[in-house]
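Trainee: Take a look at the following structure, please.
The values are calculated or read from the model by the stated rules, or taken from the named source; none is laboratory data. The shown structure was predicted, so the numbers you read here are calculated from the model rather than taken from an experiment. All Cβ positions, glycine included, derive from the backbone under ideal geometry; neighbour counts span all protein chains shown. When the accessible area is computed, the model is the full protein with side chains, heavy atoms only, and any ligands, DNA or RNA have been set aside. Shrake-Rupley method; radii C 1.70, N 1.55, O 1.52, S 1.80 Å.
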Amino acid sequence: MPSVDIVQEVDTLREQLDAWNYQYYVLDQPTVPDAEYDRCMYRLLQLEASRPELVRPDSPTQRVGAAPLAQFSQISHEVPMLSLDNAFDAQAMRDFNRRLLDRLGGNPDQLEFACEPKLDGIAVSLLYRDGLLQRGATRGDGTTGEDITLNVRTIPSIPLHLRGDNFPGLLEVRGEIYMPSAGFEQLNARVRERGDKTFVNPRNAAAGSLRQLDARVTAQRPLEMCCYGVGLVEGGVLPDRHALVLESLQAWGLRINAELAVVHGIDACDDYYEALAARRESLPYAIDGIVFKVNDLALQQRLGFVSRAPRWAIARKFPAQEEMTRLLDVEFQVGRTGAITPVARLEPVFVGGVTVSNATLHNSDEIERLGVQIGDTVIVRRAGDVIPQVVSVVMGRRPADARPVSFPDSCPVCGSAVEREAGEATLRCMGGLVCAAQQKAAIKHFASRRAMDIEGLGDKLVDQLVDEGLLENVAGLYTLERERLLGLERMGEKSADNLLLALEQSKQTTLPRFIFALGIREVGEVTALSLARHFGSWEALSMVREEQLLEVDDVGPVVADHLVQFFDSPSSMGMVGTLREAGVNWPDLELAPVEDLPLAGQTWVVTGKLEALGRNDAKGHLQALGAKVAGSVSARTSCVVAGFGAGSKLTRAGELGVKVLDERAFLALLADNGVMI
Ligand code: I6G
């Protein structure tokens, strides 16, 4: 091939790869299959290898990292990198607003704020000269940072050259380098597989990845950059509003936050804060607050700085999700299926907006993984409504009298033998329904809203009924007597009558709810629905053997084994008999042939994070309604359910014109088909 063609081909490939990178990393709109991207990249690498004089430092091939440095050199920030003042509640935001109005005057409702999430990452500066990335640096102490140019060059969302031609000759961009949550999980899974110590959180993982003297290591880490402002600017003019400056950065190829919004007045800032706080857990990255900035740059100039922070900006922080505290003891809880769970008793600590004094430790594998001992200082995490977790141990603070956690050799509630099944990390009480803990948990599950829905039979009342000897198992619920109920502490006539009425009403149920309410191991709501749909009646279901069970969607050998054990157990079947004699009943289901199910013949895809139900449950419900559930979107896909953070599959659906339902529409569709979540 004549060399002018090679030069042209190299240019075309670079332009194409740059455009794809921009669409993917900056606009969040992937437009090309990975294989096509890889093919072009490989071709460019080949051409550059054959003609080394064509290699340019800003070619998309030049991101792989270089030989390790002996140390990072220091750089000075010509415009200091400042920090932000913090606000921890709505009152502190009002105080911030008052300070602004005192200096600026004007109508309090008119002040314009730019709002963005505060990513939990590492602040960095990027310097572009004539559009070429010249230097990347850490914030350091704000005046002096470290030169991490080789490392930042490996991060795909950082352009090696700017797009277009109207950028300033010298442009310093500032932002946060972070590790998205999914990348963090994958990295930790890889690290765990190698037997190495995992990273405690995405921020530590990002910091550790960025401070590698060998940039080839950085290149392997899933880092991204999100820009939030500019520093030094020469040889060009920027817009007069902060949000417009960010939009210019985006046009030049830099990633900015998709949640950027401009609002008027401090009340609207509160609304923005509340709305994003509610979605915090479903964002694809960790954030620790929201930053509010006066949007008008002329007003920013008038406000100036105090000490090391701008007067025109504030970070409203979320309550910390991780705190340090001491592990006082480990106790053992017995669940519905006899599983014995170690629970950490902690010195109370305020974390994630509440005081936490207990956290789950899951099982013996988890205790071993953490290496935790009683007396240790531990880091506790509480995010959203998730049960608090012990995430790590501060080994340097282990006291001399720390003692290992020892598991009980008999059930802590009923004293029965305990066993660990082969290959299982969970210890189980073998006492079955003799064990009061299992009795209580089974009754609570039976009465719960998604099972028999017995209103008024709360956890405390179940504990009381079992502890007072009025109840042993679910069969006893329907023979509870008014007089005996009235003998319970704090039980009035009205409450007793309401409970008896709720019990009476619960007798009229449905087959899927009844199967779920029995609490058979591994049989959740979706499996219960599949079983009911498949067999149509309790009689048909309870007669089947393992092979027939395995024909049901969602039933594998483990579930089938638990079901058969239940059907073979005289006490379990006796309990079902007693319940039915007491009047528990349901209409048999019309057995619809599979082709008559409402979504028969359709292929669905579920993507992104759903709030009300897990993705697996969503898939199970779809299968129970007759749909096939696929992993990728094609022209044959009937519909895509898109939760928060849905990415390339949603884009693909848009391109192919495939119908898309958000979570609310999906729940409405399930409800129309009799599935209430
Ligand atoms: O550390 C920071 C995170 C996010 C910031 C920041 C930001 O804006 C979204 N903005 C400024 C002005 C500073 N630090 C100094």
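Trainee: Looking only at segment 449-496, filter to residues that are open to solvent by 40 Å² or more (accessible area, probe 1.4 Å) and of a type in the set (Gly, Ala, Ser); which one of those is farthest from residue 617 (Cα to Cα)?
Mentor: Among residues in segment 449-496 that are open to solvent by 40 Å² or more (accessible area, probe 1.4 Å) and of a type in the set (Gly, Ala, Ser), the one farthest from residue 617 (Cα to Cα) is 487.
Trainee: Taking the options 360, 355, 377, name whichever one is polar (S, T, N, Q) and in contact (Cβ under 8 Å) with a residue 40 or more places away in the chain. Let's see the steps before the verdict.
Mentor: On the way: 360 fails: in contact (Cβ under 8 Å) with a residue 40 or more places away in the chain; 355 fails: in contact (Cβ under 8 Å) with a residue 40 or more places away in the chain.
After applying the criteria, what remains is 377.
Trainee: Here is a further query. Can you tell me which of 116, 36, 48, 112 is open to solvent by less than 20 Å² (accessible area, probe 1.4 Å) and within 30 Å of residue 284 (Cβ to Cβ)? It would help to see each step written out before you state the result.
Mentor: Numbers: 36 fails: open to solvent by less than 20 Å² (accessible area, probe 1.4 Å); 48 fails: within 30 Å of residue 284 (Cβ to Cβ); 112 fails: open to solvent by less than 20 Å² (accessible area, probe 1.4 Å).
That would be 116, the only listed residue that is open to solvent by less than 20 Å² (accessible area, probe 1.4 Å) and within 30 Å of residue 284 (Cβ to Cβ).
Trainee: List the helices (runs of 4 or more DSSP H) that sit entirely inside segment 565-677 and contain at least 3 residues that are touching a Leu at 6+ places or on another chain (Cβ under 7 Å) and within 30 Å of residue 545 (Cβ to Cβ). Don't jump to the end; show me each part of the working.
Mentor: Values: elements: 570-581, 615-624, 648-656, 663-672.
Answer list for segment 565-677: 615-624.
Trainee: Let me ask something else about it. Go over the candidates 281, 323 one by one and state the one that is charged (D, E, K, R) and either part of a loop (DSSP other than H, G, I, E, B) or open to solvent by 70 Å² or more (accessible area, probe 1.4 Å) (or both).
Mentor: Answer to the selection: 281.
Trainee: While we're looking at this one, here's another question. Show the residue pairs that are 6+ apart or on different chains and have beta-carbon atoms under 7 Å apart, the first residue being within segment 305-320 and closer than 24 Å to residue 274 by Cα and away from the ligand (no atom under 11 Å from the Cβ), the second being among the aliphatic types (A, V, I, L, M) and open to solvent by 10 Å² or more (accessible area, probe 1.4 Å).
Mentor: If the second residue must be among the aliphatic types (A, V, I, L, M) and open to solvent by 10 Å² or more (accessible area, probe 1.4 Å), the pairs left are 318/277.
Trainee: For residue 174, only one of the following conditions fails: (1) within 16 Å of the ligand (Cβ to nearest atom); (2) farther than 28 Å from residue 18 by Cα. What is its number?
Mentor: That leaves (2) as the condition not met.
Trainee: Going through 254, 249 one at a time, which residue ends up being in a loop (DSSP other than H, G, I, E, B) and within 16 Å of the ligand (Cβ to nearest atom)?
Mentor: When all the criteria are applied, what remains is 254.
Trainee: How many residues, within segment 359-368, are outside any strand (DSSP E or B) and open to solvent by less than 40 Å² (accessible area, probe 1.4 Å)?
Mentor: Quick first cut of segment 359-368, residues outside any strand (DSSP E or B) only: 361-368.
Filter once more, so that each one left must be open to solvent by less than 40 Å² (accessible area, probe 1.4 Å): 361, 363-364, 366-367.
So the count comes out to 5.
Trainee: Residue 132 versus (1) touching a residue at least 60 places away in the same chain (Cβ under 8 Å); (2) buried (at least 20 other Cβ atoms within 10 Å of the Cβ); (3) closer than 30 Å to residue 235 by Cα: which is the lone unmet condition?
Mentor: Condition not satisfied by residue 132: (2).
Trainee: Can you pull out the residues in segment 58-98 that are among the hydroxyl-bearing types (Ser, Thr, Tyr) and not in a loop (DSSP other than H, G, I, E, B)?
Mentor: 76, the sole residue that qualifies.
Trainee: Within the bounds of segment 216-235, is there any residue that is open to solvent by 30 Å² or more (accessible area, probe 1.4 Å), within 14 Å of the ligand (Cβ to nearest atom) and of a type in the set (Val, Ile, Thr)?
Mentor: Within segment 216-235 (the criterion being open to solvent by 30 Å² or more (accessible area, probe 1.4 Å), within 14 Å of the ligand (Cβ to nearest atom) and of a type in the set (Val, Ile, Thr)), the answer is yes, since at least one residue qualifies.
Trainee: So, one more: Could you run through segment 605-626 and say how many residues are of a type in the set (Gly, Ala, Ser) and crowded, with 21+ Cβ neighbours inside 10 Å? Please lay out each step first, then the result.
Mentor: Residues of segment 605-626 of a type in the set (Gly, Ala, Ser): 608, 612, 614, 618, 620, 624, 626.
Applying the additional criterion that residues be crowded, with 21+ Cβ neighbours inside 10 Å yields 618, 620, 624.
Qualifying residue count for the region: 3.
Trainee: At pLDDT below 85 and more than 21 Å from residue 532 (Cβ to Cβ) - does that describe any residue in segment 615-629?
Mentor: Looking for residues that are at pLDDT below 85 and more than 21 Å from residue 532 (Cβ to Cβ), one finds at least one in segment 615-629, hence yes.
Trainee: Would a scan of segment 150-167 turn up a residue that is small (Gly, Ala, Ser) and surrounded by 23 or more Cβ atoms within 10 Å (Cβ to Cβ)?
Mentor: For segment 150-167, residues small (Gly, Ala, Ser) and surrounded by 23 or more Cβ atoms within 10 Å (Cβ to Cβ): absent.
Trainee: Would you list the helices (runs of 4 or more DSSP H) that sit entirely within segment 507-564 and hold 3 or more residues that are out of contact with any helix residue (DSSP H, G or I) (no Cβ under 9 Å at 6 or more places or on another chain) and under 22 Å from residue 438 (Cα atoms)? Lay out the reasoning, then the answer.
Mentor: On the way: elements: 511-517, 525-535, 538-543, 546-549.
So the answer is none; nothing clears 3.
Trainee: Checking residue 371 against (1) out of contact with any Ser or Thr (no Cβ under 7 Å at 6 or more places or on another chain); (2) open to solvent by 40 Å² or more (accessible area, probe 1.4 Å); (3) under 25 Å from residue 196 (Cα atoms), which single condition isn't satisfied?
Mentor: The number of the failed condition is (2).
Trainee: Take residue 376 and tell me if it is more than 27 Å from the chain's Cα centre (by Cα), away from the ligand (no atom under 16 Å from the Cβ) and farther than 30 Å from residue 141 by Cα.
Mentor: Here the answer is yes, as residue 376 does meet what is asked.
Trainee: Can you work out which of the residues in segment 99-157 that are of a type in the set (Ser, Thr, Tyr) and in a strand (DSSP E or B) is farthest from the ligand (Cβ to nearest atom)?
Mentor: Among them, the one singled out is 128.
Trainee: If you don't mind, another one. Check segment 73-84 and report whether any residue there is in contact with a Leu (Cβ under 9 Å, 6 or more places away or on another chain), within 16 Å of the ligand (Cβ to nearest atom), among the charged types (D, E, K, R) and more than 25 Å from residue 263 (Cα to Cα).
Mentor: Among the residues of segment 73-84, at least one is in contact with a Leu (Cβ under 9 Å, 6 or more places away or on another chain), within 16 Å of the ligand (Cβ to nearest atom), among the charged types (D, E, K, R) and more than 25 Å from residue 263 (Cα to Cα), which makes the answer yes.
Trainee: What pairs come up if the first residue lies in segment 656-677 and is more than 16 Å from residue 643 (Cα to Cα), the second is open to solvent by less than 70 Å² (accessible area, probe 1.4 Å), and their beta carbons are under 6 Å apart, counting only those six or more places apart or on different chains?
Mentor: Partner pairs satisfying both residue conditions: 673/598; 673/625; 675/621.
Trainee: If you scan segment 421-443, which residues turn out to be without any contact (Cβ under 8 Å) to a residue 40 or more places away in the chain and either assigned to a loop (DSSP other than H, G, I, E, B) or not polar (S, T, N, Q) (or both)?
Mentor: Residues satisfying the conditions are 421, 422, 423, 424, 434, 436, 440, 443.
Trainee: Tally time: how many residues in segment 287-316 are out of contact with any Pro (no Cβ under 7 Å at 6 or more places or on another chain), of a type in the set (A, V, I, L, M, F, W, C), surrounded by 15 or more Cβ atoms within 10 Å (Cβ to Cβ) and more than 16 Å from residue 95 (Cβ to Cβ)?
Mentor: Going through segment 287-316 one residue at a time, the tally reaches 3.
Trainee: Taking the stated definitions as given, is residue 127 under 30 Å from residue 265 (Cα atoms) and surrounded by 15 or more Cβ atoms within 10 Å (Cβ to Cβ)?
Mentor: no
Trainee: Go over the candidates 548, 505 one by one and state the one that is open to solvent by 20 Å² or more (accessible area, probe 1.4 Å), closer than 30 Å to residue 623 by Cβ and not charged (D, E, K, R). Steps first, answer last, please.
Mentor: Working: 505 fails: closer than 30 Å to residue 623 by Cβ.
Unique residue meeting the criteria: 548.
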